[in-house]
Each structure stands twice: as C-alpha cells, then as structure tokens.
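A short worksheet on the structure shown next.
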Amino acid sequence: MEAPAAPHNPSAQNPGEQNPGGPGDPAGGRRTLELTVHSAQEMLDLGRRLAGLLRAGDLLMLTGELGAGKTTLTRGLGEGLNVRGAVTSPTFVIARVHPSLGDGPPLVHVDAYRLGGGLDEMEDLDLDVSLPDSVVVVEWGEGKVEELTEDRLQILISRATGDTDDDVRRLTVTGLGDRWARADLDALKG
C-alpha cells in the first residue's frame, strides 16, 4: 500500500526556507527541510536529534509506506525524550503512552493506519486531552488529526519500493504554524 502523497507547497523554493502563509496555510506559514537517511541507525539518530527540539504540546504526523521507518524514527524520539518502555509499532493497540523517566513530557505514539475517519473516529484516544502535556506522534495521521492544532510537524518518509535492499530514506520535514516557524530545523542535519 502506498502512502498518501505529501501536500504540494508551491511557495517552497528552497529547502529550509520559511514560507509566508497563504491560502490553506496555518498562521505562521510553513518551513520545509529535506533530509536523506542511509540506515536504520541514522533514522534512530535523527529521532534523537528531533527529540531535542520537542516540548509538551507538539504534534508530529509521520507519513510513509509500510516499512519506511516511521516507528524507527519514533524509537529514536523515545530515547531522546528519555521515556519508559520500548517504543514499538502500536498498529494493533492503536496508541501507546510512554511516561517520561525524567522531567520531560510523555510520548504518546499513535498508529492511525486502521482508522478510517477523521478526528471524530479518534476521539476515544483523547488526543486533544493528551496534547498539551505530551509529545504526540501519529503515524498515518494525514487527514485525521490536523484539527488538533495548527502548529504541527509533518514528516514524509519516502523509500525505494519493490524488491530492493536499499536502506536510503528521503524525508521531507514540514513545520506548520508559528511554533515551527521559529524552530531551528537545521539542527536535524547530521
């Protein structure tokens, strides 16, 4: 199954450039960064670096084909946030909460793959209640959780498909809203 395509952003001319808000853009516009990851270890390391930018109230939406590295990236986030429990795919339980082992925010890891509708179908997860105090990561969240906040980080992970041993992943990191317009996304570069 192929992941949905990333939203087209015609105003994004240079990766990493802050773009002015336009029709359909949340307040603050958007900022995009393109990254290439060559191994699962690099994806874990990227997650650890990303954790350094995160704070309670942050929403991350991860999009990519099955096996693209969404859970591996989230595992790195969990390590960087110093949360309890092994971060594994929540496909069959839909959501897992990983409490902080320190003074940081807990990590709420959601897999919305099997959920068909929008935010209404996800109400039982109480993401709107969890978001202010947690870092919420939603795999397959496009079209389902955008209503939670205008400030979010969307990460599209692309990989070679078919019968290949290619571990290279291309990531498009898009920060939406005022929160991410001010964030130093360049810190994600290895």
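The values are calculated or read from the model by the stated rules, or taken from the named source; none is laboratory data. Computed from a predicted structure; not experimentally measured. Backbone-built Cβ (ideal geometry, glycine too); neighbour counts: all protein chains shown. SASA here: full protein model, heavy atoms, side chains in, ligands and nucleic acids out. Shrake-Rupley method; radii C 1.70, N 1.55, O 1.52, S 1.80 Å.
Structure values in brief
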| quantity | calculated |
| --- | --- |
| Output for the stretch 31-43, where each listed residue is in a strand (DSSP E or B) and open to solvent by 30 Å² or more (accessible area, probe 1.4 Å) | E34, T36 |
| Identity of the residue in the stretch 123-138, of a type outside the set (A, V, I, L, M) and at pLDDT 90 or above, that ends up farthest from R84 (Cα to Cα) | D133 |
| Close pairs (9 angstrom Cβ cut-off, 6 or more residues apart or separate chains): under 13 Å from A40 (Cα atoms) and without any contact (Cβ under 8 Å) to a residue 60 or more places away in the chain in the stretch 73-84, polar (S, T, N, Q) and surrounded by fewer than 21 Cβ atoms within 10 Å (Cβ to Cβ) anywhere | R75/T88 |
| Pick from the stretch 155-173, criterion modelled with pLDDT of 95 or more and β-branched (V, I, T), ranking: surrounded by the fewest Cβ atoms within 10 Å (Cβ to Cβ) | T172 |
| D120 vs. criteria open to solvent by 60 Å² or more (accessible area, probe 1.4 Å), at pLDDT 80 or above and over 16 Å from the mean Cα position of the chain (by Cα) | no |
| Residue satisfying all of: in the stretch 81-108; over 10 Å from V135 (Cβ atoms) and in contact with a helix residue (DSSP H, G or I) (Cβ under 6 Å, 6 or more places away or on another chain); modelled with the highest pLDDT among these | V87 |
| Within the stretch 44-111, strands (runs of 3 or more DSSP E) holding 2 or more residues that are within 26 Å of D165 (Cβ to Cβ) | 59-64 |
